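Quick note: the coordinates plus some simple rules give every number you see, no bench work behind them. Everything quoted here is computed from the prediction, not taken from an experiment. Glycine gets a Cβ as well: all are built from the backbone with ideal geometry, and neighbour counts include every protein chain shown.
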Amino acid sequence: MKKNQKLTRDDIWEMFAEASRQSEKIKQEMEKSNEEANQKLDKLAKLVGGIAHSNGEMAEEYFYSAFNADKTFANEKFDTIERNLAFKRGDIKAEFDLVLFNGKSAALIEIKYNAKPENIKVENLISRVGIFKILYPEYTHYNIYLGVAAMSFKSGLESELHQAGIATIRQIGKKMVVFDKNVKVF
């Protein structure tokens, strides 16, 4: 179009129609790109979720094997160890990662690959003692100990657990090390 040439109504409508076609084309391309990005994000989320799940399973296997070999906790020797002990009674249900038993005590061990305040709360751990006693009334008069086993702990969490009387268990080198000096009976 030349500089001094006036636009006609038809010219304006044609420009508007072309802009609309271009806008629709861009919109379709963006939707396709978004769909492809969402598919890739879904695949990535599944991959990361799978890795996290595998890490959790690896931590559970490591601590189960280590406790099964020794069965010592809170200066007591335990006879049996149960893994992923799940029970439901009415509306109350729970799963305990590891439970050690002897004739007078039980130790409830929560296992995490990486223990951090987002996945370990002292008040939640302590409340699990009451749940355990409801689900397993035969252990109501037992000494109940609590512990958190993890491959790593977020800074400050271990001391918070120790102050609450909850033991921590971690892997140091090839050994499992139990910090149960301040563990208390719940």
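Going 7 Å from the Cα of Glu61 along its beta-carbon direction, which residues of the stretch 134-173 have the amide nitrogen within less than 16 Å of the resulting point? Residues passing the 16 Å test: 151.
Neighbour counting of Cβ atoms within 10 Å sorts the residues Thr80, Thr168, fewest neighbours leading, into Thr80, Thr168.
Highest mean packing comes first when the peptides 172-184, 129-141 are listed by Cβ atoms within 10 Å, giving 129-141, 172-184. Computed from phi, the 3J(HN,Hα) profile of the stretch 92-103 under the Karplus parametrisation 6.51, -1.76, 1.60 (θ = phi - 60°) reads 9, 9, 7, 10, 10, 4, 9, 9, 9, 10, 9, x Hz, with x in place of Gly and Pro.
Residues considered: Arg89, Arg21, Arg128. Largest GNM mean-square fluctuation over the chain, using C-alpha springs under 10 Å, is found at Arg21.
Take every Cα pair under 8 Å whose residues are at least 6 apart in sequence, average their separation, divide by the length of the chain, and the relative contact order is 15 percent. Against the chain, whose longest principal axis comes from its Cα atoms, helix 9-70 is set at around 10 degrees. Does the stretch 73-150 classify as rounded, prolate or oblate by the C-alpha gyration tensor (a ≥ b ≥ c root eigenvalues; a/c under 1.5 gives rounded; else a/b over b/c gives prolate, otherwise oblate)? In terms of gyration-tensor shape, oblate. Give me the log10 of I(q) over I(0) for the chain at q = 0.17 Å⁻¹, as the Debye formula computes it from C-alpha points; what are the numbers? For the chain, the Cα-only Debye profile gives -1.08. Summing charges over neighbours of Ile134, with a neighbour being any other residue whose Cβ is under 15 Å away from its Cβ, gives +2 when K and R count +1 and D and E count -1.
Arranged by the count of other C-beta atoms within 10 angstrom, fewest first, what order do Ile109, Ile26 take? Please list the in-between numbers first.
On the way: Ile109 24, Ile26 10.
Taking fewest neighbouring Cβ atoms as first place, the list is Ile26, Ile109.
Helix 122-135 and the long axis of the chain differ in direction by around 60°, with both axes built from C-alpha atoms. As a quick test, which of the pairs Lys6/Lys27; Lys77/Lys133; Lys121/Lys175 have an alpha carbon distance above 23 angstrom in this structure? Flagged as over cut-off: Lys6/Lys27; Lys121/Lys175.
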